[in-house]
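Enquirer: The following block contains the structure, expressed as structure tokens.
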Amino acid sequence: MTKLRGRGWTWIGLGAALFLVLFLLWPTLRLTAASLASGESYVRFFAKPYYYEALLNSLWLSTAATLGSILIGVPLAVLVARHDIVGKGFIRTAAVLSLLSPPFIGAYAWILLLGRAGFIPKLLGLQGVSIYGAGGVLFVFIIHHFAYVFLLTATALTRIDPALEEAAETMGVRPFRRLLTVTLPLCWPSIAAGALLVFTTTLADFGTPMLIGEGMRTLPILVYNEFLSEVGGNAGMASDGSVIMLAIALGALALQGWTLRGRNYAMHGLRTPAIRPLPGMVKASGIIFGWLVAAIAILPQAVVVVTSFIRARGPLFTGEFGLDNYRVMLDRMASPILNTLWFAAAATAVMLAAGMAVGYLLVRRPGPVTRLVDGLLILAQVLPGTVLGIGLLLTWGRPPLALTGTGAILIIAYIVRRIAYTVRSAAAGLRQITPAVEEASLTLGAPPGRTFWRITAPLMLPAALAGAMVSWVSTLSELSSTIMLYTGRTATVSIQIYNQVMNDSFGAAAALGSVLTVLTVATLWLTGRYGARQDGLQL
Amino acid sequence: MQTVRIKEITKRFDQVLAVAGVSLDLEAGELFTLLGPSGCGKTTLLRLLAGLEAPDSGAIYFGQQRVDQAPVYARNIGMVFQNYAIFPHMSVADNVAYGLRARKLPESAVKTRVAEALEQVQMAEYGPRRPDQLSGGQQQRVALARALATRPAVLLMDEPLSNLDARLRLSMRAEIRRLQKRVGITTIYVTHDQEEALAISDRIAVMEAGRILQVGSPVQIYRRPAHRAVAAFVGTCSFIQAGPLTLGLRPEMVTVLPMSQVAPPDRELLRGTVEEEIFQGAFLSVRVRLATGESVVGLSPLAPGTFAEGTPVRLAYNPAEAYRFDGRTGEAAL
């Protein structure tokens, strides 16, 4: 077939591979090489509690957050996808919102709710309940990431061929046992995909432990401090920490792959599974559970928006309503807002165009270059943002091509970090389209270019847009690589929120956070209107 | 109307020889069927004709023009796919207009040609509909209209009826045949359904393992199979070893006789025991096991229940009718 086709796609594939090699693989390898060159620093890393405690903290926090997300996400998915509980739309929307809001905004909102001067302790007269500390970090991690597991599992549950479950039941298996022995094992690939996402994002999350960890060191914090602190910092330790983080992320990826070996369940069900009624008591507890989780998940957004209209003095809100916070924000922080919009828009435009092209390559043009791009995208998905940031600084920080401090390096970092969402979603969309449709266009006299624009691209577009929406929203609030790469001139909204919270200036932070929330909700609403389905996201 | 000439076409996928040096000459306006089991290379050969695959060697001519190196979109073909491949994001009319617009026809001409094409398949009213509002049979008609609208040199059809239910398959089959004759377009039709091939074709090529075993009219293919595999694939045929030859017997050539019944003259007789009696409505079909271990199927007009399993019977056939194949090569022997 190759003989009759143009070379254009080969060049596009090579271009994508080159971009990822230059801005992902090469920086990662340089960082790793620099770190491994001085092997003795690892000895110091593992000898000093100051360093290795960060590793242990990160490991147990991410592992616990992953398990917690499975424990909440899977039962919730079963309830919503398979049973007759009420308020499913609310639960789904809350989950999507919690996922797409920046986790450090959650951390900050929980400070308002459960911090030292928090609303809840004040209202209820509670003493000793606080969001600060390891428990609080874990709580915020779970409540912000369970939606990965929930959404992916819910989608998988609606795609299972009901005949398989009916077969189990004809053999005399009760529904609950059937769920454990047939249904959930069939969903395992999706559960595992969600679990990996939870693990790698919480592992790389810099903002949450920084804001509420009370000095708790995790790997991203260690790396940030060692790399940027002006006194006593140790760039060598920063790269060692980065390499260890990368190694853990790759280890998690390998573990996930290992649990998936031999589990390629293609479903050919013609029917979708039925919604089954639950007995009264179970149903009532299911509804309470679902609503409670959804309410807690969405609470931070609500708090941020409400408090943005309350006057603040430092970390204290006065209780008077007004637009002061927005005035302060617009007076002093207009440029970060414009930066965020411009960087995210530029990155998303590239991601949508390149994402469709690469998605097409992955599905329709397998080959060595395509496999390379696919592998690099997996690396991009598990690579912590801080690590990418340091790698980019190391590699592109000096002439001939000094990108440090420019908007370009941020846009590049965003593309590298988030394009996989668009690519995977576009590819999944294209897999639903039989190649015969494109062949039909060719036989009707449309050359390959015309065929791509008239047939392939329009058919892929809804899925690609859904992916680009996730890329866009998660780029708006990107913090962990931005914080390594920004300068005063290129600061973004997420940087400003982080700085304002660190400086106890909660009012402006709330206004900025509301801007992000409104942008997120508006994006969801728009894509929802144009037919891209939220629950079918390819995360 | 155009002739199609295929010369020594070969196509490999990795190590598998999908089409092994096939040569064929198609007459202008005929409906020519490629028939064979799945994996025999018939679809690959069709895709080579379309230009969706490139041959490793050989040549293809449409009329006087050599086309095997031409890209798909320049070959002026029409193709109907197994799953119809209707563009789901376009209306029925836009689907049919697609090839005309690719050829840069003025929009007024596109309109008349679309109306004409939809008229031909009795779908004139359906122009503004979306494809997902159509039944399988209607999608099939749209696919046909779309393929014919450009007035292609050759029409290629890849198992076009396999996704329809049995009843619809029969009526569409007749309709395709009628339309093909009326338009007079040279058509290459791929199917694994021998009954469909016999009913629809002017000529049939039976394929196996990338090679053509026999080319002929439906009657020739059925009555004078050139190869043991042709007899086995088209219709039912039992085979028995007779020295260096293999005899092929169609059920209608063999009468099953209870031991009590007298055999008619001029008939060869075989002895065996009943394996299975199958009620077919108008007659019984009986599978009989010979002493050699071979199975032969014959017919009987007697009442159901006559041939219980294990009953000894005789089989009578006319040796002049039986097919003779070379026991080693499988080719027809004189």
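The values are calculated or read from the model by the stated rules, or taken from the named source; none is laboratory data. Note that this is a predicted model, so its numbers are computed, not measured. Neighbour counts run over all protein chains shown; Cβ positions are idealised from the backbone, glycine included.
Enquirer: Check the range A:374-387 and report whether any residue there is of a type in the set (D, E), within 14 Å of chain B (Cβ to nearest Cβ) and within 30 Å of B:V72 (Cβ to Cβ).
Expert: Among the residues of the range A:374-387, not one is of a type in the set (D, E), within 14 Å of chain B (Cβ to nearest Cβ) and within 30 Å of B:V72 (Cβ to Cβ), which makes the answer no.
Enquirer: Okay, moving on. Only one residue in A:A266, A:A284, A:A297, A:A274 is exposed (fewer than 14 other Cβ atoms within 10 Å of the Cβ) and modelled with pLDDT of 85 or more. Which one?
Expert: A:A284
Enquirer: Working carefully through the options A:P435, A:P368, A:P384, find the one that is surrounded by fewer than 24 Cβ atoms within 10 Å (Cβ to Cβ) and touching a helix residue (DSSP H, G or I) at 6+ places or on another chain (Cβ under 9 Å).
Expert: A:P435 is the lone residue from the list that is surrounded by fewer than 24 Cβ atoms within 10 Å (Cβ to Cβ) and touching a helix residue (DSSP H, G or I) at 6+ places or on another chain (Cβ under 9 Å).
Enquirer: Count, please, the residues in the range B:264-275 that happen to be surrounded by 13 or more Cβ atoms within 10 Å (Cβ to Cβ) and touching a Ser or Thr at 6+ places or on another chain (Cβ under 9 Å).
Expert: Residues that pass the stated criteria total 5.
Enquirer: On to the next question. Just give me the residues in the range B:149-161 being within 13 Å of chain A (Cβ to nearest Cβ), assigned to a loop (DSSP other than H, G, I, E, B) and farther than 11 Å from A:T443 by Cα, in sequence order.
Expert: Matches in the range B:149-161: B:R151, B:A153, B:E159, B:P160.
Enquirer: Scan the range A:433-468 residue by residue and report those that are more than 8 Å from every other protein chain (Cβ to nearest Cβ) and more than 13 Å from A:R364 (Cβ to Cβ).
Expert: Listed by number, the residues that qualify are A:G449, A:W453, A:L461, A:P462, A:A463, A:A464, A:L465, A:A466, A:G467, A:A468.
Enquirer: Right, here's the next one. Look through the range A:300-325, keep the residues that are of a type outside the set (V, I, T) and in a helix (DSSP H, G or I), and return whichever of them is surrounded by the most Cβ atoms within 10 Å (Cβ to Cβ).
Expert: Taking the candidates together, the pick is A:P300.
Enquirer: Can you confirm whether B:E125 is exposed (fewer than 15 other Cβ atoms within 10 Å of the Cβ) and under 28 Å from the mean Cα position of the chain (by Cα)?
Expert: Criteria not met by B:E125.
Enquirer: Shifting gears a bit: Taking the criterion of being away from chain A (no Cβ under 13 Å), modelled with pLDDT of 90 or more and either assigned to a helix (DSSP H, G or I) or over 27 Å from B:N163 (Cα atoms) (or both), would at least one residue in the range B:36-46 satisfy it?
Expert: yes
Enquirer: Conditions first: (1) more than 14 Å from chain A (Cβ to nearest Cβ); (2) touching a Gly at 6+ places or on another chain (Cβ under 9 Å); (3) assigned to a helix (DSSP H, G or I). B:R146 passes all but one, so which condition is the exception?
Expert: For B:R146, the failing item is (1).
Enquirer: Looking only at residues that are small (G, A, S) and in contact with a Lys or Arg (Cβ under 6 Å, 6 or more places away or on another chain) in the range A:452-480, which one is surrounded by the most Cβ atoms within 10 Å (Cβ to Cβ)?
Expert: It comes out as A:S471.
Enquirer: Determine which member of the set A:S69, A:S62 is of a type in the set (S, T, N, Q), more than 14 Å from A:I244 (Cβ to Cβ) and crowded, with 16+ Cβ neighbours inside 10 Å.
Expert: It is A:S69.
Enquirer: Another one. With the condition kept exactly as written, say whether any residue in the range B:189-196 is in a helix (DSSP H, G or I), of a type outside the set (D, E), more than 11 Å from the chain's Cα centre (by Cα) and more than 14 Å from chain A (Cβ to nearest Cβ).
Expert: No, the conditions are met nowhere in the range B:189-196.
Enquirer: Here is a further query. Given (1) under 17 Å from the mean Cα position of the chain (by Cα); (2) away from chain A (no Cβ under 14 Å), where does B:S23 come up short, assuming only one miss?
Expert: (1)
Enquirer: For B:D14, only one of the following conditions fails: (1) in contact with a Pro (Cβ under 6 Å, 6 or more places away or on another chain); (2) at positive phi. What is its number?
Expert: (1)
Enquirer: Another question about this same structure. Looking at (1) more than 26 Å from A:L341 (Cβ to Cβ); (2) in contact with a helix residue (DSSP H, G or I) (Cβ under 8 Å, 6 or more places away or on another chain); (3) away from chain B (no Cβ under 14 Å), can you tell me which one A:R398 breaks?
Expert: The failed condition is (2).
Enquirer: Out of the residues in the range B:220-255 meeting the condition of being assigned to a helix (DSSP H, G or I) and within 15 Å of the chain's Cα centre (by Cα), tell me which one is surrounded by the fewest Cβ atoms within 10 Å (Cβ to Cβ).
Expert: Across the range B:220-255, the extreme among qualifying residues is B:Q220.
Enquirer: Only one of B:Y61, B:Y73, B:Y126 is more than 8 Å from chain A (Cβ to nearest Cβ) and either of a type in the set (D, E, K, R) or within 23 Å of B:V19 (Cα to Cα) (or both); which?
Expert: Among B:Y61, B:Y73, B:Y126, only B:Y61 is more than 8 Å from chain A (Cβ to nearest Cβ) and either of a type in the set (D, E, K, R) or within 23 Å of B:V19 (Cα to Cα) (or both).
Enquirer: For the range A:497-520, what are the residues that are surrounded by fewer than 22 Cβ atoms within 10 Å (Cβ to Cβ), modelled with pLDDT under 85 and not small (G, A, S)?
Expert: A:M502, A:N503, A:D504
Enquirer: Oh, and also: Kindly evaluate B:R203 against the criterion of being in contact (Cβ under 8 Å) with a residue 60 or more places away in the chain, under 30 Å from B:L17 (Cβ atoms) and of a type in the set (K, R).
Expert: Criteria met by B:R203.
Enquirer: A further question on this structure: Can you name the residue in the range B:91-115 that is of a type in the set (S, T, Y) and within 20 Å of A:I455 (Cβ to Cβ) and is also farthest from the other protein chains (Cβ to nearest Cβ) among such residues?
Expert: Among those residues, the one meeting the criterion is B:S91.
Enquirer: Given the condition under 30 Å from A:L151 (Cα atoms), under 22 Å from the mean Cα position of the chain (by Cα) and of a type in the set (G, A, S), answer yes or no: does some residue in the range A:110-133 qualify?
Expert: No, there is no match, as no residue in the range A:110-133 is under 30 Å from A:L151 (Cα atoms), under 22 Å from the mean Cα position of the chain (by Cα) and of a type in the set (G, A, S).
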